[in-house]
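Q: Dropping a structure here in C-alpha cells format, bear with me for questions.
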C-alpha cells in the first residue's frame with residue numbers, strides 16, 4: 001500500500017471528502033462513477049467499481065440484460081446450450 005500523506009477528518013455526519021487529485025488518478029471524475037468498499041483487517045479499501053459478468057467475473061465486452069451484466073463470451077455459450 002502506498003501512502004499519500006493526505007489526512008481527512010470526518011464531518012458531523014460521518015462523511016469525508018476524497019481529494020480531487022486522488023479521484024482523477026482513479027478516473028473517478030464522472031458523477032455516475034461508483035466505489036466498491038472492502039475491509040481487510042483494520043483497513044478500509046476503496047476501489048473504483050467496474051461492472052463484471054455475473055457468470056465469469058470478466059470485465060471485457062460486458063452487456064446489460066434485464067439488470068444483469070453478462071459478457072459476450074458467456075452470452076454466446078448460453079446461446080449454444082439452447083441451439084437445437
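Only the coordinates and a few stated rules stand behind these numbers; no lab work does. Source: prediction; values computed, not measured. Here the Cβ is made from the backbone with ideal geometry for all residues, glycine too, and neighbour counts use every protein chain on show.
Q: When the distances between all Cα atoms of the chain are binned every 10 Å from zero, what whole-number percent does each bin get?
A: With 10 Å bins starting at 0, P(r) equals 13, 33, 26, 18, 7, 2, 0.
Q: Using the alpha-carbon atoms, what tilt in degrees (0 to 90, nearest 10) does helix 72-82 show relative to the longest principal axis of the chain?
A: Helix 72-82 sits at roughly 30 degrees to that axis.
Q: A follow-up question, please. In nm, to one decimal, how far is the modelled label at residue 27 from the one at residue 6, with both set 7 Å along Cα→Cβ?
A: About 1.8 nm separates the two model spin labels.
Q: Considering the chain as a Gaussian network with a 10 Å cut-off on Cα pairs, which listed residue, 62, 39, 54, attains the greatest mean-square fluctuation?
A: Per the Cα network of the chain with a 10 Å cutoff, 39 tops the list.
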